[in-house]
Structures are given as structure tokens and as C-alpha cells.
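The values are calculated or read from the model by the stated rules, or taken from the named source; none is laboratory data. What you see is a predicted model, and the numbers here were worked out from it, not measured in a lab. Methodologically, a virtual Cβ is constructed for each residue, glycine included, from the backbone with ideal geometry; neighbour enumeration extends over all protein chains shown. For accessibility, only protein heavy atoms count, side chains too; no ligands or nucleic acids. Shrake-Rupley method; radii C 1.70, N 1.55, O 1.52, S 1.80 Å.
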Amino acid sequence: MNELFTTPDSIVAYAQVAPEQGVDVTASGLTYGIPEALKDLTVGDRVLVPLGRGNKTVPGFVVQIDQSTSLPASKLKAISEKDPAGIHLPADLIELARWLSGYYCCPIGMVFGTMLPAAVKHGIGATVQTLVYRNPDKDLKTVKLSKLQKAALAELEKCEAVGKPQIEMRQLAELAGAKSISPVKQLITKGVLKSNTQSIIKAPPGSTGNASPAEKSAKLLLNDTQQKAVTQLASKVDDGGFGVHLLHGVTGSGKTEVYLQMIEHVFASRPDSCAIVLVPEIALTPQTVSRFTARFDSVAVMHSALTSAQRHEQWRRIAAGEAKIVIGARSAIFAPLPQVGIIIVDEEHDSSYKQDQLPRYHARDVAVKRGQQLGAQVVLGSATPSLESYFNATVRGSYDLLHLPDRVSGFQLPHVQLVDLIEERKHRRGVHLISRKLEELIGYVKRQGGQTMLLLNRRGYANYVACPDHTCGWMQTCEHCDATMVYHKHPSAMSGGYIRCHHCDTEQLLPPLCPQCGKKITLFGLGTQRVEEEIERKFPELRFARMDSDTMRQRDDYQRILGQFQKGELDLLIGTQMIAKGLDFPNVRLVGVISGDTSLHMPDFRAAERTFQIIAQVAGRAGRSSTPGIVVVQTFSIDDPTIKLASKHDFITFAQRELEMRKQMGLPPHTRMARVVVRDVDHEKSYLLCKKLAMELARCNQQLGNVVRLRGPMPCPIARIADFHRHQIEMVAPDAGTLQKLMTMLRNDRLLISDNRMAVDVDPTVLL
Ligand code: ADP
Ligand code: ZN
Ligand code: ZN
């Protein structure tokens, strides 16, 4: 008999274990026997288990412990051992993982794969430490000891005398004056000492990413609206229990100070509690972080610039209860803090909170769930709340609404001027991405000693490479995708640049002539590089930098350039939405939006919402001092209501209007959506699989009384990416519960699986 199949009497209980590798186990995991030696196992322990026919040893988490099982003894395998690194997740995260697995249609093991940073999973930076201590059963009279061994024993006695019965092996050898650890090892061999190994993580000192606890900043005296927000939250904390609060505060209204004082209140009333603060990755600047470290002790920061070893160390610190506050991007919502009392989600509307691969979770929604499970307070803050959150705070009334309508005293919201690009074109020939108005203001602000930010949400130089002859109509598309290619200038390339597909990253040289008719090709459209070129030409004196994911290649590029800008070494920054978030530079007088329309005409029902957000957010970077700021928004759609309302900073009217339109069309947040994308290199196969799924969905939907609106099979808006043909089905249900019911029916029949061919996206934010 295979030794893995232990006899039932050596098994003391049964565990549901979720292996981290992507097998599609349901939320309850796989059943294993717990051998006598592991009888102290608890939910949340990481263990090693034999998996599959080959009984490969894989790591997994204990999600449940039972006293009995219906599984026949012949099929029962036993847990091999506890994870030697001793990794454990608090029980509330296990609960949360079960929820994520169910809600987002993802194998639970993959959820754990995401919860646990890769550095922790693979033990990066971990070293094994051997501690030694005296064997009380060994009579010293029976052994002969060398001089060094005696010295070591004497040193250990000194440690014992000060209450430290265990000491690291190498350290003991050093104290005894030995050149190597062999005297200590011999003491172990002779049975005088016993040893105990444990794994510790050592990251290079002073580089954990924790800002130095510099000078502590004092509380600011809150203004009336800020005070009201803090008081309202405080009353919820004192009542006990769970609550979600939407802090709708215009840019510069002092939301951060409100967060800080809310956290202080929670810590004061529940001294054991901890806080999680989520910010968009890009906003995780020293600027943001220092506002927290300057107020609180023991802040742990999780950001992408940490090395793996540092990340591992941070995680261990957090799990050991050594941090009071964790600040981080999306995945920090899974910080293994022991007692979370408050969760803050700053810029809650930000699209980076949604993960675009399995599990396709939204950190804001997970925050609300975690808060609910723990009876904690959740604060969602934004100048431009997502319509989902705004709907919950107004129409549904399930969230508290806290409103900060004005900037902190002395600062005003900037004046926004719209420039009509259709009109502009009539006055100047040639390509001008910068209008006369904007040009004039850039010069003016420079002369006044102020700084400028220019936003264009498009990388590269030009987004169309085409034949100028309309009768020919040739346009450069990607060989592997149904998409046009973008021209990037590059001095080292032979023809001065290359063209790249932004979907699959294929690159090729720019064709000099139209392959169909031989005419010289033209570049249409805009990109940050083209703006850069125009700035160079029009303002040769200006000191400027471009910030987009093409220039920000190194880990510290972003912070270095922001540092230069902060110190006034740069007059102007050109960037994609990278520059639109959370930055607070008092000397920025002018913000220019090169094209207010880039996201307006996207085939996505959130196009208007995104357009409003990006204009309002970038406009919010101007005028953060007593000198008022100016914002220029250039647009081909001067009469578009979204652009108009954004220019007036009128979120409330925009939200009401947009919510009404969504209601009429039956779109989220009034309803709930899920999307399944099926892909295959073979077009026919992709279509047929999608069609089969659609038929099954329709069948199950019938059992639910056809309350879910189903659309598909149909090609995705981008019908082919990286040689995969893509078909989709959209489901729109009256509420989340109904949607879950429908998907569970299919999931139980193993028809709906998240794998390489099928992507299930619940509450999708990108519909391409
Ligand atoms: P938001 O996050 O809402 O855009 P910030 O938190 O960045 O706003 O605040 C803008 C500026 O106002 C910051 O420099 C901050 O220190 C300052 N501030 C916030 N609250 C107060 C207050 N009550 N009194 C004085 N200054 C404040
Ligand atoms: Zn491509
Ligand atoms: Zn042509």
C-alpha cells in the first residue's frame, strides 16, 4: 500500500486544503487526513500535500478542519508536513479567499497565489538560522569537553542567566572565541546542546522602503466640513460594527488629513486595531507615504520598488503584528494584519484597483468585503467617485456620504478654459498639438516662475500610420491583432523610429512607402512624443521631462523626475495619466489637457465617466497654493456635456445625469455585469466554444425566469489579440445575487472555468 494512504487510525482529523497550483477546486478545497504529528494544525496554516496521480508535493492552505469525512479511507491521502517556513494566514483572510473564489469565479488556490507575495511563496531572502539550547537530560559529568567547548558552554550559561536560554549557533561560537562553529556542533553531537532551526528573512538594512520616522507632524486643525466627516465616522466607530463611508472631496480639500484623523480615532477607541491604506500604485510616492509616517509609528509600505527580499521581510513583519499601518497598492488589501479596524481606499475610482488577470478582483470591493467580515470601517475617498460607489452612497443609501465641497481655505479650484480645436484649425496650418491659447499661457507661466503640466493619455508619436491617398485607404495594422499600430520615434532606428502594437508589443520598422500604391506614408494622430517635439520647437529654453511608461523604465525614474520637478529644476512635465494622480506641487500654475477627447469615444459605457475623471483629476493638480491655477482643456467636442461639466468641476450634476442614462439603458451600477471572453487561435473553435457556453447560459437563465440579459456569442471589440481570436458573452443581471446564481449553476457543471481559453470577468471595467 502506498505510504501516502495512511491507515485511518493514525489520522486524527480531516482538513480541506486548497493547493496553490491552479487546479479548479471549489471554495471548499480537497480533503486530506491530518496525521497525529500534525494534530495542532489550524485553519490558515500553509502545508505540503501530495497532489494528483503522481503525488507531487505541492504547497496549499488549510481552509477548514473537520472531525469526519465521507471520503472512503482508500482514497484519503495525508498531509505531508507543515510548511517549514511556518507561513500562516489569519483566519479572516481564509474567509476572504473563499469569498473571492466564489464571487470572481477563480480556483481558490489561485486566490492564495495572489494573496501571498511571490517573494514569500518562494522564500526569497529567507535564511535558516540554527538556535541552540541546553539539553537538560544530559549529565555533564559523563562527557569530556575541549577548552573551546567549555567556553561556549560558559557563554551559554551567561545567556541563560539573563533569561535567554536560546542563542544562534554562530553567535555562540563567536562569543566563545572560536574561529568556526565546529565546537558548538560538537556539543550538539555529544548531546550537551540541542538545536532548533528557524527561517528568518534578512533584507539589506535601511532599505525596507519605510520612510525614516523623521519629524512627526502635528494634527492640523480641521475645517468645519473636514471635522464633520471625522465626527460622522467616529460615531460609527463608537457604535461598533461595520460601515462604509464615501468621502467625496474635491481635489485639494484635505482628504489625507481626514484619513489621518479617522485612523487616529479608530486607534484611540480600539487600541489593538490596525489600518490598511490603499493608494493607486502610481501615487505611492514618498510624498504620500511621508504624510503617514510623519504622523504614525510602525508604518509598513508595500510598493513595487521593493526588492523581493524586502517585500518578504515586510510581509513577515506585518504578519508578526509589528506594523500598525500598511500602505500599499491593490494587493495590500491582503495584508495579513491581525486586527484590521479601518481600511482607507484613496482615489477609489482608480482603474488600477482592478486586477486584469486571475483572480480578476477589484481591491475596493474586496476592501468593503473584508471590512464587513471584520466589522471594520471602510472609507472610500475621491474627488471623482466611481458611479458604483456614488450610487451606493446616494440612490441605494448603503454607504454614508461625507462631502468636502471646497478646497482648504486660501486655495481655490482652478479656472478651466476650453479650447475649440475645430475653430483652432481654421487659424493655423500644419500640425499644432498645442493651441495658441495654451502656447501663450505656457510662456506666461514660465515668465512668472510657475510650473506647467501637460496631459496626453497616449504614448508614442502618432497612433496611425496610413496612406494619404483616400482612394487607396491603406492603414498599418498589426499582423497579430485587429488593431492599428503606433509610431514611436527612436533616434537609433534606421528610419528614425519603429511602429509598435500596444496590444501584443510586436515591433517593426516604419515602412517608408505605402505598400499598396507606393505613395509616401503619413502619420496621423497624437502621442506624448509628438507633444515633446513641439515643446522643444516652440520653447527651446524650457526645461522639461516626459513621463510615460516608455520613459519610466527604471524603478526610480518616476521618483527621480518628480523630485526634480519638486525642486524646480524642471519647468514642465508632459505625461500620460501617470501625472494626473495625487501629486501635490504648489508651484503648478498651469495644467493643459492636450486632448480632452481621447477616452470620450471609446466603445465602452464608462467612456464619459473616465473622461470626467481624468480631466477633473489632472485639473486638480493646478492651483495648490494661494496663487490660483489655470487649466486649459483642448477638445474637438466643445459642446459635449461631460467636457463642459468637468470644466466646471461639477461632479454631482455629471453623476446624476450619467446615472439616469445608465438607468435607462439598464447598465451598471443599476445592474451587475459579468463578461466571459473565449479565445482560440482557430476562429471557428473560439466561436463554437463561445456559442456552446451561450446556449448553456440561456438554458440556466431560463430556470431563473430569464431575468439575466445575455448578449453573445459575439466578437470582442478587439476581435483578435496576439493571434488569438476572441468572442464574448455579456451578462447583465438585476443584482449581484442573481448573477452569482447563474454563474454558479454553470460552474457546478464545470462549463464555466477560468483558464487559458476562457476568462470570466465579474464587474468588468475594461470591455475591449
Ligand atoms: P486632497 O487629497 O483632498 O487632494 P490634500 O490632502 O492633498 O487634499 O490637501 C491639500 C493641502 O491642504 C495639503 O497641503 C494639506 O496639508 C493642506 N490641508 C489639509 N487640511 C488642512 C487644514 N485643515 N488646514 C490647513 N491645511 C490643510
Ligand atoms: Zn498586435
Ligand atoms: Zn496607398
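With +1 assigned to the C-beta of every Lys and Arg and -1 to the C-beta of every Asp and Glu, and no other charges, what is the dipole magnitude of region 213-408 about the Cα centre in debye, to the nearest 20?
On the way: 20 positive and 20 negative charges, 55 e Å.
Its charge dipole is roughly 260 debye.
Pull up the cross-link candidates among the lysines for Lys520, meaning alpha carbon to alpha carbon under 29 Å and not fewer than 8 places away within one chain.
In chain and number order, the partners are Lys426, Lys489, Lys538.
Applying a 10 Å radius around every beta-carbon, put 83-89, 413-419, 72-78 in order of their mean neighbour count, most first.
Highest mean packing first, the order is 413-419, 83-89, 72-78.
Please give the per residue accessible area of region 278-436, computed with a probe of 1.4 Å over protein heavy atoms only, in Å².
Accessible area per residue: 36 Å².
Holding the Cα-Cα limit at 19 Å, pick out from Lys144/Lys190; Lys255/Lys369; Lys138/Lys179 the pairs that are longer than that.
Lys255/Lys369; Lys138/Lys179
Could you please state, rounded to a whole Å, how far the C-alpha centre of region 321-360 is from the C-alpha centre of region 443-477?
Rounded to whole Å, the Cα centres lie 36 Å apart.
Which is the longest part of the chain that has none of the GluC sites (Glu not before Pro) sitting in a DSSP loop with at most 11 other Cβ atoms within 10 Å? Provide the component values of the computation, followed by the final result.
Values: sites that count: Glu3, Glu215, Glu322, Glu479, Glu541, Glu569.
Here the longest segment lacking exposed loop sites spans 4-214.
Below 13 angstrom from the Cβ of Pro586, what's the summed charge of the other residues (Lys, Arg +1; Asp, Glu -1)?
+4
Of the options Gly525, His480, Cys504, report the single residue whose Cα projects farthest towards the positive end of the charge dipole of region 460-526 (beta-carbon charges: Lys, Arg +1; Asp, Glu -1).
So the residue furthest toward the plus end is Gly525.
Any idea what angle helix 308-319 forms with the longest principal axis of the chain, computed on alpha-carbon atoms, 0 to 90 degrees, nearest 10?
With rounding to tens, the tilt is 70 degrees.
Could you pull out the trypsin sites (Lys or Arg not before Pro) across region 88-160 that fall in loop regions by DSSP (anything but H, G, I, E, B) with no more than 12 other Cβ atoms inside 10 Å?
In loop regions of region 88-160 (DSSP not H, G, I, E or B), the sparsely surrounded trypsin sites (Lys or Arg not before Pro) are Lys144.
Which of Tyr103, Val345, Thr293 sits closest to the plus end of the dipole of the chain, meaning its Cα is farthest towards the positive end, when Lys and Arg get +1 and Asp and Glu get -1 on the C-beta?
Thr293
Using a 1.4 Å probe over the heavy atoms of the protein chains, calculate the carbon and sulfur portion of the accessible area of the chain as a whole percent. Before the final figure, lay out each step's value.
Details: 17760 of 34230 Å².
It is 52 percent, rounded to a whole number.
Quick check: Cα centre of region 517-579 to Cα centre of region 722-737, how many Å?
37
If Phe539, Phe636 are ordered by their accessible area, calculated over protein heavy atoms with a 1.4 Å probe, which sequence runs from highest to lowest?
Output order, biggest surface exposure first: Phe636, Phe539.
Between Asn706 and Ser146, what is the spin-label point distance in nm, taking each point 7 Å from the Cα along the Cα→C-beta axis?
Label at Asn706, label at Ser146, 8.9 nm between them.
Can you tally the net charge around Glu257? Count Lys and Arg as +1, Asp and Glu as -1, for every other residue whose Cβ sits under 10 Å from the Cβ of Glu257.
Within the 10 Å Cβ shell, the charges total +4.
Which of the trypsin sites (Lys or Arg not before Pro) across region 679-764 are loop residues per DSSP, with 11 or fewer other Cβ within 10 Å?
The qualifying sites are Arg750.
Tell me, what is the percent relative contact order of region 395-477, built from C-alpha pairs under 8 Å that lie six or more residues apart?
12
For Ser217 and Phe524 in one chain, what is 0.36 nm times their gap in residues minus the Cα-Cα distance, to one decimal in nm? Show your work: numbers first, answer last.
Details: separation 307, 0.36 × 307 = 110.52 nm, distance 5.08 nm.
Stretched fully, the Ser217-Phe524 segment lengthens by 105.4 nm.
State the extension gain, in nm to one decimal, for the chain segment bounded by Leu71 and Lys663, taking 0.36 nm per residue of separation less the distance between their alpha-carbons.
Details: separation 592, 0.36 × 592 = 213.12 nm, distance 4.95 nm.
Length gained between Leu71 and Lys663: 208.2 nm.
Excluding Lys194 itself, what net charge comes from residues whose Cβ is under 13 Å from its Cβ, given Lys and Arg +1 and Asp and Glu -1? Intermediate values should be presented prior to the final figure.
Values: positive: Arg134, Lys138, Lys185, Lys190; negative: Asp137.
Result for the local shell: +3.
Compute the long axis of helix 147-161 from its Cα atoms, compare it with the longest principal axis of the Cα atoms of the chain, and write down the angle in degrees, 0 to 90, nearest 10.
70
What's the center-to-center distance, using Cα atoms, between region 64-129 and region 290-308 in Å?
27
I'd like the accessible area for Lys520, computed on protein heavy atoms only with a 1.4 Å probe and all protein chains in place. Round to 10 Å², please.
Result for Lys520: roughly 150 Å² accessible.
Would you kindly give the portion of the calculated P(r) for region 126-201 that falls above 15 Å, as a percent of all Cα pairs?
In whole percent, the share of Cα-Cα pairs in region 126-201 beyond 15 Å is 51.
So for the chain, averaging the separation of alpha carbon pairs under 8 Å that are six or more residues apart and normalising by length, what relative contact order in percent results?
Rounded, it is 10 percent for the chain.
According to the square roots a ≥ b ≥ c of the eigenvalues of the Cα gyration tensor, what is the shape class of the chain, taking rounded for a/c under 1.5, prolate for a/b larger than b/c otherwise, and oblate for the remainder? Don't skip to the end; give the middle numbers.
Values: a/c = 1.79, a/b = 1.47, b/c = 1.22.
Since a/c reaches 1.5 and a/b is larger than b/c, the shape of the chain is classed as prolate.
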